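Working notes for the structure below.
The values are calculated or read from the model by the stated rules, or taken from the named source; none is laboratory data. All values reported here derive from a predicted model rather than from experimental measurement. Every residue, glycine as well, gets a Cβ built from its backbone with ideal geometry; the counts of neighbours run over all protein chains shown. For the accessible areas, the whole protein counts, side chains as well, though only heavy atoms, and no ligand, DNA or RNA atoms are used. Shrake-Rupley method; radii C 1.70, N 1.55, O 1.52, S 1.80 Å.
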Amino acid sequence: MAQKYVYFFGGDKTEGNAKMKMLLGGKGANLAEMANLGIPVPPGFTITTEVCKYFYEHGETYPPELKEQVNDALKRVEEIMGKKFGDPSNPLLVSVRSGAPISMPGMMDTVLNLGLNDETVRGLAEKTGDERFAYDCYRRFVAMYGDVVLGLKPVGKDDVDPFEQVLEELKHRKGITYDNELDPESLKELVTLYKKLIKDRLGIDFPDDPEEQLWGAIGAVFKSWNNPRAIAYRELNDIPDDMGTAVNVQAMVFGNMGPDSATGVAFTRNPATGENVLYGEYLINAQGEDVVAGIRTPQPINKAQKTDPDSVSLEEAMPEVYEELERIRKLLDRHYRDMQDVEFTIERGKLWMLQTRSGKRTAFAALRIAVEMVEEGILTEEEAVMRVEPQQLTQLLRPTFDLKSKEKALADGAFLAKGLNAGPGAATGRVVFNAPDAEEWASRGEQVILVRMETSPEDIRGMHAAQGILTSRGGMTSHAALVARQMGKVCVVGCGALEIDYKKRQFTVNGRIVREGDWISLDGTTGEVFEGKIPTQPSEIVRVVVDKSLKPEESIVYRNYAKLMEWADRYRRLGVRTNADKPDQASVAIAFGAEGIGLCRTEHMFFEGRRIDTVREMILADDQEGREKALAKLLPMQKEDFKGIFRVMKGLPVTIRTLDPPLHEFLPADEKTAAELASSMGVPFEKLWAKIEALHEANPMLGHRGCRLGIVYPEITAMQVRAIFEAACEVQKEGIPVKPEIMIPLVGHVKELENQKKVIDEVACQVFQEQGVHVVYSVGTMIEVPRGAITADEIAKEAEFFSFGTNDLTQTVYGISRDDAGKFLHHYLEKEIWEYDPFERIDRDGVGQLMKIGVEKGRSTRADLKIGICGEHGGEPTSVEFCHQIGLDYVSCSPYRVPVARLAAAQAAIKERLKA
Ligand code: PEP
Ligand code: MG
């Protein structure tokens with residue numbers, strides 16, 4: 001039997017369903033699902049992703065069976081619609097759209113009104129009795145086909161759309177402002193002008209044959225899978241390149257057939273806040289692209305959603321259609337058990353659904369929807385935990401403007417305008433007017449706000465680079481709004497008061513001019529735009545849990561956050577600790593749910609105040625006696641630090657690492673600073689410089705550091721552990737329990753650990769005697785060089801715990817310096833030699849394998865060996881999942897990533913259970 005490449009949907013013959021996303025793409029699978037649910041969907045068919053793969057594997061050709069399957073499906077559409085494709089008296093028009101298994105909004109191509117030519121357009125005019133409408137469709141089709149299929153697009157970043165330019169010239173000549181003022185004669189003229197433009201610029205005739213048009217459009221959609229913006233989008237979102245897109249060919253329904261027609265997009269819940277209400281926008285007498293492209297500012301669907309009293313909601317304009325849409329919203333929301341993003345068209349009073357998919361949402365909405373769907377009995381707690389992306393939680397911890405400063409800015413007249421609040425949070429930066437500039441400025445370390453009339457998929461890299469995005473047109477579902485929301489960017493759209501002049505690189509608002517490089521501030525939560533730089537303040541969650549400046553009951557966000565975290569903690573097996581060197585960091589981490597300190601880098605304490613002087617004195621000392629003198633000065637300082645930490649941690653485990661970095665890091669590297677230091681320390685310059693030269697290392701991260709320091713200078717280890725134990729004893733005497741864990745860095749041989757452990761145990765013994773108390777402590781090691789992992793069974797004879805230092809382990813496994821890798825890393829990512837930065841995400845196949853060996857060998861000697869991770873990977877969700885899989889006991893990460901790690905750990909545990 002021939003392979004099936006085409007799946008029909010609509011009428012009573014639907015062949016696919018929502019489970020077939022890989023084959024039919026998201027759009028195709030969901031159109032089929034809606035048709036199965038009895039929701040009105042215009043009939044059509046989906047050409048599978050298999051064809052896309054075939055297309056690329058066979059020099060952009062199709063499987064031989066495809067043509068017949070497409071023709072058969074097209075016939076069925078003709079039967080249901082009672083029209084014929086290419087029939088001059090009663091033409092069927094179709095749309096041709098992309099649809100990948102994972103949604104890539106706006107990245108690939110679409111052609112509408114396909115099947116029109118000089119003859120069929122007359123049939124359409126007669127059949128509908130509306131010549132204006134028919135030619136409006138025709139001119140849109142020619143422009144869209146010219147752009148998408150024939151490739152007549154703007155060139156260069158300041159160029160305008162050539163079709164748009166022709167349109168503007170015609171409107172100017174006719175003295176009209178709006179597209180809908182164009183009469184049939186003008187529209188006909190526009191078609192001729194567009195075709196001439198194509199002929200002049202491309203040297204080809206516009207194809208009149210509908211069949212040629214159809215195959216041209218199908219080919220263009222498949223080709224758009226590999227256009228630069230789609231590739232960039234996949235790269236940013238980790239979508240595999242070999243997935244391919246499906247193509248959906250569907251009977252056209254028209255939202256531009258007069259005042260009883262409309263088109264819109266809606267969400268089954270509010271995508272910014274998560275509130276359980278129908279939310280969206282629509283345009284009377286328009287085609288779908290008008291809403292998404294943000295050319296005209298659409299009207300709200302709900303009465304409640306209105307901000308402008310002059311706007312007319314769908315609820316008011318077409319109450320019956322609104323009721324039907326509300327019914328479908330509830331049906332879809334429950335059926336899919338998730339918030340849906342739908343597209344619809346109303347053709348002469350009849351509602352048609354064109355698309356449904358899981359909706360993009362802010363972190364605020366994701367959280368609220370997940371929690372409320374549990375309360376509504378739609379989801380289980382476990383499912384709710386799986387619904388929020390751990391990384392999204394960082395957005396909830398993002399700052400807002402400091403209210404006082406904002407009030408002051410308002411009083412000072414800094415308010416410029418108000419748009420729609422598309423992406424919450426506060427951002428401030430310097431104005432740039434195009435995406436390449438945003439990227440370039442940001443790469444110089446500038447904070448920028450990207451200001452555009454509207455954004456297009458080409459702009460995504462620039463949007464990514466910007467702090468915030470501001471557009472003068474478009475609604476909450478415009479490209480800018482969708483993409484910003486997904487990226488977690490602050491975004492204000494549809495700010496109509498802005499008159500943007502790309503060429504002059506400025507915008508004018510109420511007579512005020514803001515130029516490229518000027519500072520502005522965006523409040524993405526309210527939609528306000530200000531001139532100047534407004535300081536920001538922490539998120540509501542931070543104010544409840546850290547600052548205690550907001551009561552829990554005053555914040556919905558906090559309530560939902562607390563619920564989700566409570567559920568997450570119920571499912572996770574991994575412990576979550578924090579990397580903290582100071583009491584205040586430790587208490588922030590505890591507020592976020594940390595269960596201990598996984599890494600206290602003692603060297604960070606050496607930079608506090610004037611302490612560095614004493615550290616330098618220690619380094620410059622000629623002999624052990626001199627070093628001990630300096631160390632004696634450091635001891636009380638370190639001790640106070642440790643006491644502070646123990647007090648905050650109240651008996652939770654505190655892993656303290658002995659000195660790790662090479663000593664030259666504490667000394668200046670250049671002669672000028674060294675000379676200044678020499679004179680301030682009262683030592684001869686020559687002596688200092690000689691020391692600096694003696695300590696110089698070619699690749700310091702592989703040099704005299706980690707346990708190698710303590711082995712050569714045992715007095716350093718002795719001082720540090722004395723400080724730890726004295727602090728521990730004293731705090732324990734205060735009645736506060738303490739649980740120190742002393743960790744030796746960079747161990748590759750068991751004897752290194754043995755050596756340091758001896759020093760530790762001796763000092764412990766002395767201090768306990770002096771203090772007259774005993775403190776329970778343990779000694780362990782970091783596993784951060786390959787030999788440490790490979791000989792973990794030996795090392796575990798001495799070590800009571802392991803902590804993977806994956807920063808150094810990645811460096812040593814790859815043989816690349818963590819400090820220098822930045823110079824070539826981006827080339828590796830661009831050339832796809834690496835899929836991701838291994839310093840950010842654990843390389844499971846390399847570094848990860850060594851970790852596995854370390855775990856297995858370590859536990860083969862000591863079954864109850866406690867194992868954690870304290871490299872940066874400990875707060876990155878996919879790495880947390882890996883740590884769960886290989887059986888670590890805990891992850892440790894920076895304080896603000898603790899909630900992320902808790903959620904990621906819960907998800908890892910749930911996923912594992914679901915697999916079993
Ligand atoms: C590590 O190497 O992963 C680690 C935590 O130590 P540091 O980053 O301080 O070298
Ligand atoms: Mg390290």
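Expressed per residue, the C-alpha convex hull volume of segment 262-361 stands at 95 Å³. Across the chain, the volume of the C-alpha convex hull divided among the residues equals 197 Å³ per residue. For A562 and R334, FRET efficiency with R0 = 45 Å and r from the beta-carbon atoms, rounded to 0.05? The computed FRET efficiency comes out at 0.95. Here's the list of aspartates and glutamates a cross-link from K350 could span, going by alpha-carbon distance under 13 Å and ignoring same-chain residues fewer than 8 apart: D260, E320, E323, E324. Estimated from helical segments only, the mean residue ellipticity of the chain at 222 nm is -14000 deg cm²/dmol, where each DSSP H run of four or more residues counts as -39500 (n - 2.57). Karplus-based coupling profile of segment 162-173, in residue order and whole Hz: x, 5, 4, 5, 4, 4, 4, 4, 5, 4, 4, 4, with θ = phi - 60° in 6.51 cos²θ - 1.76 cosθ + 1.60 and x standing for Gly or Pro. Using the Cβ-Cβ distance between E79 and E235 with R0 set to 41 Å, the FRET efficiency works out to roughly 0.40.
Using only Cα atoms, locate the centre of segment 574-641 and the centre of segment 402-449, then give the distance between them in Å, rounded to an integer. Segment 574-641 and segment 402-449 have Cα centres spaced 38 Å from each other.
Listed by chain and number, the aspartates and glutamates placed with their C-alpha closer than 14 angstrom to that of K533 are D402, E407, D412, E446, D518, D523; residues fewer than eight positions away on the same chain are left out. Projected onto its three principal axes, the C-alpha set of segment 579-692 covers 51, 28, 20 Å, listed from the longest axis down. For segment 312-390, the C-alpha radius of gyration sits at 1.27 times the compact-globule guess of 2.2 N^0.38 Å, with N the residue count.
For K504, the aspartates and glutamates whose Cα comes closer than 13 Å to its Cα, not counting residues fewer than 8 places off in the same chain, are D158, E516. Of interest is the spacing of the C-alpha centroids, which for segment 708-768 and segment 122-193 amounts to 78 Å. Expressed as a whole percent, the accessible area of segment 688-812 that falls on carbon and sulfur atoms is 55 (1.4 Å probe).
Within segment 764-841, the GluC sites (Glu not before Pro) that combine a DSSP coil assignment with at most 10 other C-beta atoms in a 10 angstrom radius are E832. Ranked by the mean number of other Cβ atoms within 10 Å of their residues, highest first, the peptides 855-865, 689-699 fall in the order 855-865, 689-699. Each residue was assigned an accessible area with a 1.4 Å probe, and for R473 the value is about 90 Å².
Couplings for segment 731-740, taken from phi via the Karplus curve 6.51 cos²θ - 1.76 cosθ + 1.60 with θ = phi - 60°, read 5, 4, 5, 6, x, 9, x, 10, 9, x Hz in order; Gly and Pro are left as x. Working ranking of peptides 648-656, 905-913, 423-431 by packing, defined as the average number of other Cβ atoms within 10 Å per residue, highest first, is 423-431, 648-656, 905-913.
Solvent-accessible area assigned to carbon and sulfur over segment 262-361 amounts to 49 percent, based on a 1.4 Å probe. On a per residue basis, the convex hull of the C-alpha atoms belonging to segment 54-149 measures out at 137 Å³.
Considering all C-alpha pairs of segment 74-251, those separated by over 27 Å amount to 33%. Against the criterion of solvent-accessible heavy-atom surface with a 1.4 angstrom probe, H172, H884 sort, most first, into H172, H884. Accessible area of S817 (1.4 Å probe, protein heavy atoms only, ligands and nucleic acids ignored): about 20 Å². Semi-axes of the equivalent ellipsoid of segment 675-737 are 34, 19, 9 Å, computed as sqrt(5λ) over the eigenvalues of the C-alpha gyration tensor in descending order. Could you let me know the centre-to-centre spacing of segment 30-100 and segment 664-707, using Cα atoms, in angstrom? After rounding, the separation between the Cα centres reads 72 Å.
Beta bridges per DSSP, both residues in the chain: antiparallel share near 60 percent. The calculated Kirkwood hydrodynamic radius for segment 152-247 is 16.4 Å, given to one decimal from all distinct C-alpha pairs. One quarter of the surface of the convex hull around the alpha-carbon atoms of segment 398-537 equals 7.2 nm², the direction-averaged projected area. Close amide H pairs (under 5 Å, H built 1.01 Å from N) link L152 with D147, residues at least 5 positions away or on another chain.
Applying a threshold of 26 Å to the alpha-carbon distances of K27/K360; K633/K797; K360/K548; K19/K306; K153/K831; K330/K489 flags K633/K797; K360/K548; K19/K306; K153/K831; K330/K489 as lying beyond it.
The residues of the chain present an accessible area of 41 Å² per residue when probed at 1.4 Å with all protein chains retained. Filter K582/K739; K171/K503; K157/K503; K21/K53 down to the pairs with a C-alpha to C-alpha distance above 18 Å, please. Cα-Cα > 18 Å for K171/K503; rest within.
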